[in-house]
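The values are calculated or read from the model by the stated rules, or taken from the named source; none is laboratory data. Please read these numbers as outputs of a predicted model, since none were measured by experiment. Cβ: placed from backbone, ideal geometry, glycine included. Neighbour counts: every protein chain shown.
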Amino acid sequence: MRRRFDDEAVSAAIATVLLFAGVLGIISGMMVTITPLINEKHGSVERQAMAGQMEDLAAETVRISENGLPGDSATLQLRPHTGELGWNLAHGGTWYSVAFVDGGSFRLDGLLDLDDKTRIRYSESEVSAACFSDLRANKDATWNYRIPNISGTILATPATSLQQPLYETTVEYTSGGSSSSHSLIPGSVLSTASAGESWLQSDGPLKVIFLRGNGGVTMVEPDLANPSDGKGRAWTIPMPTGSVSLHLVSSDLTTISWDSNSNSGTATSTGSPATWNGDFTTLAGDVMTVHSSSPARLMMVWGSGTGATVWPDDGGSGLGISHTLPAAAGSILIENPETTSIAVQIDGLFNTISAQSSMRISWPAVSSQIQSTGPVQVHWLAEDASNSYRTGSLEMIPATDTGRSSGLEHSYSTPTSASDESVLIQKASPETSLTLIADLEASQSPYITVNDSTGSQLATLSPTASNLVRTAVNSTDILNDAPFRIISVAGDDGMMEIRQDGEERCLPIGYWASGWVELNLPWDDFSHYSTAIVKEAWKDGSHPLGVEVTLLGPQNGAPHDTLAGAWGAHLPRLNYEFQSSVSGMEIGYRGGFVGTNHPEYQADVLVLPPAREGPGPRLAVTIPLTMPADSSSIGNSQVALTVSLDQRVQLVSVQAHEIRRGWDGPYGSAIAAESSQELAFSADWLTFPGRIDLLDDYVGWVQLTHSSPEAVYHASGEPIMFNLQLSQISIDTELII
């Protein structure tokens, strides 16, 4: 066999290989160039396929939240292309703030994180305190009412706000390890005896009255209180049996109507300030509803000649310089917690109250105002006696450093009665420790810790106790200085309203800050827990799903006037995640808003959060809070969504000087910018950009800086009528096979 080396064949083979490599190189280059384009086209298809469906979902939830009745529902389908649907509960939500003082501006940061920190900013004046209240915004939330650790009787009935409860309210009474369940329809009353600290837990709001003995007095909270002064127009009251009188006082003449199983009628107030008194004989199980055509305060007196209640000042604080009392015959006890003397004017006559002392005078059946040169605490008593003698009283004592039901410091005159006098300490935070400065019985310790393990603490005063009862937190221990409440218990009688345990958790601030002020929220930190644990915390009250913030400070001589308020809610987000030329693309829906970060992580607003503006300087907002049902099935399959309105709650209806909307998460600044687009047509804004004080030719939302997630609703300096509602909506999904 002869072998021959063929140069031409080798060259041809090499050329073929090189040609093939060149073709592969050309194809690879084309693929590198065209693949991102193909992926981007795919992402565009994904966006277009889901954007319209998300917009339909937003339109349907907004329609039901604004116009529907509880129980209304709608069903629509979502057809994912190749992406995947999922819920995210950790991306915050939205808040609205209002300033009640002209020139004020209330801002928040981190309010809707799951931790126990938040920041507030109000640089226009000193801030004395901030109060946080749990809105119980979850439809499955448990409403918790802590019953005092003393013997008495509980009266409870379903509360009403925007509408009556659609279904029966289920109430569970727990005491000493045993519990009983009750179902209440509107107008019915649960009446049960209580011998120690116990709980009422319900699936809806209640009006709860705790009473003991044969008489008592209490202020009755309105069904919807004005956040600026605590006044209201409607009250739902479970009535004690026997002799009951109601005393209403208002700044303006008003028409009053009342209705119960045994009494009904209408009347008109008289005098200035305008007052109305009604005397009734009530039967067991009576529930009375009272309506007033003007904002007013209402006091209930039961039995004969016993009981006392703290009467708030004209701004709704338990400590103030101006108090308007009703035409109710009895006596008043005025306490001066200051270290200097104070002059008090009553009917043109001046009286001096020494430092940390008190004065008691008879109060005739005539309404009048009390003016003082410094902050005082006023108690109305059913009996006409002298000194601090109280035959029976049960009072939630306001904190001196916040003026509300909780705080870090309290001071009040030691009550004296024919029976024991006690101080009941309740926690308004996960845990705290304090020192009780008073004449205690020999076996009592002045150092008290309250938490979930210890519960409320009852301290008995010495039979010879006199002077003041004071409290102060232990600032030297490792525990955070957290708020607590105290109840003064004197004698064997008394009556008080029990409010939801998450209300008015107040922290003192006490200074003027031009920047952000960081506060510890009076709730547990849930930022590191799983979604299931967070949802359970929203239900049982361990952490709020929705929160109301009240900002207090000195105003017109009053130490704790209401400066501003805010309402915020976590908004679980329904996400559709898909692939494009880059990963991490999404279309998200929450609270009536739809947004996407496609293409290339650019936040884009498809549907703005709902708001209704005008006519004139008016703004009405309904926040649709959509919560996924536990049985929901989601993923990359076609699903049928059932949107159901569970309840719509009126949060506030006020006149405000400034309204801000904040939106947490990556779309905040895009929402603020999109809602401010019409500013481009304002000649004032083009001439003086950023000067909202010179903006006179525009009414609407204004984003003050390009990166801000907040927008201010501007009305050319005029007061704005603001209405805010929260709709609780369930979304249940079912796979379509």
Taking strands (runs of 3 or more DSSP E) that do not extend beyond region 117-183, which have at least 1 residues that are under 28 Å from Ala566 (Cα atoms)? 117-121, 127-134, 143-147, 152-158
Given the criteria more than 30 Å from Thr324 (Cβ to Cβ), surrounded by 19 or more Cβ atoms within 10 Å (Cβ to Cβ) and not assigned by TED's automatic domain parsing to the domain that holds Leu325, does Ser191 qualify? no
Would you pick out the residues in region 362-377 that are at pLDDT 90 or above, surrounded by fewer than 22 Cβ atoms within 10 Å (Cβ to Cβ) and β-branched (Val, Ile, Thr)? Thr373
If I ask for residues that are within 18 Å of Asp115 (Cβ to Cβ) and either touching a Lys or Arg at 6+ places or on another chain (Cβ under 7 Å) or among the aromatic types (Phe, Trp, Tyr) (or both), which ones from region 545-574 would you list? Leu571, Pro572
Going through (1) closer than 19 Å to Leu726 by Cβ; (2) buried (at least 21 other Cβ atoms within 10 Å of the Cβ); (3) of a type outside the set (Val, Ile, Thr) one by one, Phe578 fails only at (1)
Across region 252-294, what is the total count of residues that are under 18 Å from Thr324 (Cα atoms), among the small types (Gly, Ala, Ser) and touching a Ser or Thr at 6+ places or on another chain (Cβ under 7 Å)? 5
Only one residue in Ser422, Ser488, Ser453, Ser475 is under 17 Å from Pro148 (Cα atoms), without any contact (Cβ under 8 Å) to a residue 24 or more places away in the chain and among the hydroxyl-bearing types (Ser, Thr, Tyr). Which one? Ser453
Does Gly265 satisfy the condition of being touching a Lys or Arg at 6+ places or on another chain (Cβ under 8 Å) and surrounded by fewer than 22 Cβ atoms within 10 Å (Cβ to Cβ)? no
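Okay, residues lined up against (1) of a type outside the set (A, V, I, L, M, F, W, C); (2) in a strand (DSSP E or B):
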{"position": "Ile623", "(1), (2)": "no, yes"}
{"position": "Asp630", "(1), (2)": "yes, no"}
{"position": "Ile634", "(1), (2)": "no, no"}
{"position": "Ser637", "(1), (2)": "yes, no"}
{"position": "Leu641", "(1), (2)": "no, yes"}
{"position": "Gln650", "(1), (2)": "yes, yes"}
{"position": "Ser653", "(1), (2)": "yes, yes"}
{"position": "Glu674", "(1), (2)": "yes, no"}
Flagged in region 608-621 as crowded, with 20+ Cβ neighbours inside 10 Å and either closer than 17 Å to Ile64 by Cα or of a type in the set (D, E, K, R) (or both), in numbering order, are Pro609, Pro610, Val621
Segments classed as strands (runs of 3 or more DSSP E), wholly inside region 192-307, with at least 2 members that are in contact with a strand residue (DSSP E or B) (Cβ under 6 Å, 6 or more places away or on another chain) and more than 27 Å from Lys539 (Cα to Cα): 206-212, 215-220, 232-238, 242-250, 255-259, 264-268, 274-282, 287-303
Would you point out the residue of region 343-360, among those that are surrounded by fewer than 22 Cβ atoms within 10 Å (Cβ to Cβ) and of a type in the set (A, V, I, L, M), that is nearest to Glu395 (Cα to Cα)? Met359
